[in-house]
Amino acid sequence: MSKPPAAPFPPDLADGAVPVVELVDVVDAVAHDLDWANQRAHGLVARRVEVHRCRLTGSELAEATLSDMSFADCRLDLVGLRMAKLERVVFRDCRMAECDLYAASLTDVRFERCELREATFSEARLKRVELRGCVLAGLRGVEALRGARMPWNDVLENAPLFATALGIEIVD
């Protein structure tokens, strides 16, 4: 049995820390209720950051480095994370439909109750990744999930997706 993903380290907030408002390189911060839709932040570096109820729909974060981060109740649909590096990241209750993780590197990443409908994982590299209660319908690059951890009920719910990826013909 594989090890579960490591939890992210929390931000080390200084007394009187100013809240994050811009989608720029950031360390030790918390962001709440921001609209970062359609922003371009190619190569963004974010460490020890918590993001709550923020909207990043359509944002381009290609080649970003995200470490020790948590996203809760966020809109990440259509977000471009191509070739990004994610370490110790948690996505909880996020809408991530059509999120693009092409050739991304994911280490110690958890997806909890996220909508990943039609997301792209093609050529992604996963190490200690866990998906719990996620919608995976139409996911592209499902073969990249090899080695990921999932509860049995989630595996059964997504059996048609996995069978199609393996070329298994389902008969009655």
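The values are calculated or read from the model by the stated rules, or taken from the named source; none is laboratory data. The structure presented is a predicted model; accordingly, all values stated were derived computationally and were not measured. All Cβ positions, even for glycine, are placed from backbone atoms using ideal geometry, and neighbour counts span all protein chains on display. What goes into the accessible areas is simple: the full protein's heavy atoms, side chains included, and nothing from ligands, DNA or RNA. Shrake-Rupley method; radii C 1.70, N 1.55, O 1.52, S 1.80 Å.
Of the numbered criteria (1) crowded, with 22+ Cβ neighbours inside 10 Å; (2) free of Cβ contacts under 8 Å to residues at least 12 places away in the same chain, the one residue 16 fails is (1). Filtering 4, 10 for residues that are open to solvent by 20 Å² or more (accessible area, probe 1.4 Å), modelled with pLDDT under 95 and closer than 29 Å to residue 152 by Cα leaves a single hit, 4. Selection over the stretch 25-76 of residues that are open to solvent by less than 50 Å² (accessible area, probe 1.4 Å) and more than 18 Å from residue 94 (Cα to Cα) gives a count of 11. Inspection of the stretch 136-156 identifies no residue that is touching a residue at least 60 places away in the same chain (Cβ under 8 Å), open to solvent by 10 Å² or more (accessible area, probe 1.4 Å), within 11 Å of the chain's Cα centre (by Cα) and on the phi > 0 side of the Ramachandran plot. Evaluation of residue 129 against the conditions (1) in contact (Cβ under 8 Å) with a residue 24 or more places away in the chain; (2) assigned to a loop (DSSP other than H, G, I, E, B); (3) in contact with a helix residue (DSSP H, G or I) (Cβ under 9 Å, 6 or more places away or on another chain) shows that the sole unmet condition is (2). Scanning the stretch 138-172 for residues that are of a type outside the set (D, E, K, R) and in contact with a helix residue (DSSP H, G or I) (Cβ under 7 Å, 6 or more places away or on another chain), which turns out farthest from residue 108 (Cα to Cα)? By that ranking, first place goes to 170.
Within the stretch 44-70, the set of residues being more than 23 Å from residue 14 (Cβ to Cβ) and either in contact with a Ser or Thr (Cβ under 8 Å, 6 or more places away or on another chain) or assigned to a strand (DSSP E or B) (or both) comprises 55, 60.
For the stretch 100-124, taking the residues that are among the hydroxyl-bearing types (Ser, Thr, Tyr) and in a loop (DSSP other than H, G, I, E, B), the one that is nearest to the chain's Cα centre (by Cα) is identified as 102. Residues considered: 58, 43. Of these, the only one that is on the phi > 0 side of the Ramachandran plot, out of contact with any Asp or Glu (no Cβ under 6 Å at 6 or more places or on another chain) and of a type outside the set (Val, Ile, Thr) is 58.
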